[in-house]
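The values are calculated or read from the model by the stated rules, or taken from the named source; none is laboratory data. This structure is a prediction, so every number in the text was calculated from the model and none was measured. Neighbour counts run over all protein chains shown; Cβ positions are idealised from the backbone, glycine included. Heavy atoms of the whole protein, side chains included, go into the accessibility calculation; ligands, DNA and RNA do not. Shrake-Rupley method; radii C 1.70, N 1.55, O 1.52, S 1.80 Å.
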Amino acid sequence: MYKIMFSAGETSGDMHGANLAKALKNICSDIEMFGFGGPQMEQAGVKLCKNMLDYSVMGFWEVLVNLRKMFKLKDALVAEMKKQKPDILVLIDYPDFNWRLAKEAKKMNIPVFSYIPPSAWAWRKGRAKEVAKIADKIVAIFPFELDVYKKAGADISFVGNPLMDNVKASMSREMAAEFFGIDLKEDNILLLPGSRKQEIANLLEPMLQAAQLIKKERPEIKFFLPVATGIDKKYLEEKINEYGLTVKLCETKTYDLMNCCDFAIATSGTVTLEAALMGLPSIVLYKMSAITYRIAKIFVKIKYFSLPNILVDKQVLPELLQDEVNGENIARLARDLYKDTESAKKVKEELLMVKEKLGSPGVADKTAELILQTVDRFKNEIKG
């Protein structure tokens, strides 16, 4: 029997954790899973000690403000570790919290498996050495992460990106258009303000301001917005009404929706990569608190901030950062992505390069096997 403890604190981590849980159960029926995660992991058979929906914060300043709450969470999970004595702790992203938890696991001689390690390639490269000392095995989800960790002495692998298992349409484009009430002859724009309340607070209004300007130029355009798990639909409706817009809120089949739309206005993050894999161009936005931005400017040295651009080391998707994020700039960039433009066709062609960088499907199965191999190796070392 295997006993696996998970820790995932974000919506994307919840999805990846759920896929790992399913893959682990397929490999071994005699398995117990518990820990910190969200509704998808719970549905996949992970018994939640704490729900991530109660702890979703991002940015340096925001984490500081919520420190007491996060320390209490860590203490609760450490107590659970001591009580349940898992065979391994599987960390999924969420680095500022998870690596504090990892240190506690090592004190208890519990092996640590890192899935989606801290982004040492972008900044704080020195922490790759710290991670290498703690993690018994690391699985990266981007090929550009390997070099810095290998140099730090880490046991790291890249077996593909987990989105390759998930990002696909469930019906034909025509069926999806009928399902969502979309006219494929017209331009349809997807608004993706994020899965965190903080992201929505920062980015929804500039998106709606842009939508107003776009609607004046092209009255026939329709807007769609997928509602992320844990986000208050009523709040979204109220904001949309303030701007006098009609935006269809959708709660299911997001990839099918992406397959029908012409481009997205999106917050930077995993969703831009999901959109890219569906062949959907995005105008990528990133905005954080002023304090967080000032700190990031000092330490983070990268040419691009959106994952598709980073993967191909080229600006395939237009990006707007911090004070650049406003309705006028978004609407200006939108003109290059309407379906009747040559620039939109070029962007869609270049998105194929992004897909090539992400490996092949079956990532969850390969990663699950590595988790169990790590447990077995650790048990054999103890016996030896």
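Some points to look at:
- Considering residues of the range 79-100 that are among the aliphatic types (A, V, I, L, M) and over 16 Å from I134 (Cα atoms) only, the residue least open to solvent (accessible area, probe 1.4 Å): M81
- Residue in the range 2-18 that is at pLDDT 95 or above and part of a helix (DSSP H, G or I) present: yes
- Restricting attention to the range 214-238 and to residues that are of a type in the set (A, V, I, L, M) and assigned to a helix (DSSP H, G or I), the residue that is surrounded by the fewest Cβ atoms within 10 Å (Cβ to Cβ) turns out to be L236.
- For the range 23-51, the set of residues classified as touching a Lys or Arg at 6+ places or on another chain (Cβ under 7 Å) and of a type in the set (D, E, K, R) consists of E32 only.
- Where a residue in the range 158-176 is more than 15 Å from P361 (Cα to Cα) and its partner, wherever it lies, is outside any loop (DSSP other than H, G, I, E, B) and open to solvent by 30 Å² or more (accessible area, probe 1.4 Å), with Cβ under 6 Å and at least six apart: R173/N259; A176/N259
- Pair list, Cβ under 9 Å, 6 or more apart: the range 210-230 residue more than 30 Å from D14 (Cβ to Cβ), other residue open to solvent by less than 70 Å² (accessible area, probe 1.4 Å) and of a type in the set (S, T, Y): Q212/Y243; R218/Y338; I221/Y338
- Checking each residue in the range 23-38 for being modelled with pLDDT of 95 or more, farther than 20 Å from K85 by Cβ and surrounded by fewer than 18 Cβ atoms within 10 Å (Cβ to Cβ) picks out K25, N26, I27.
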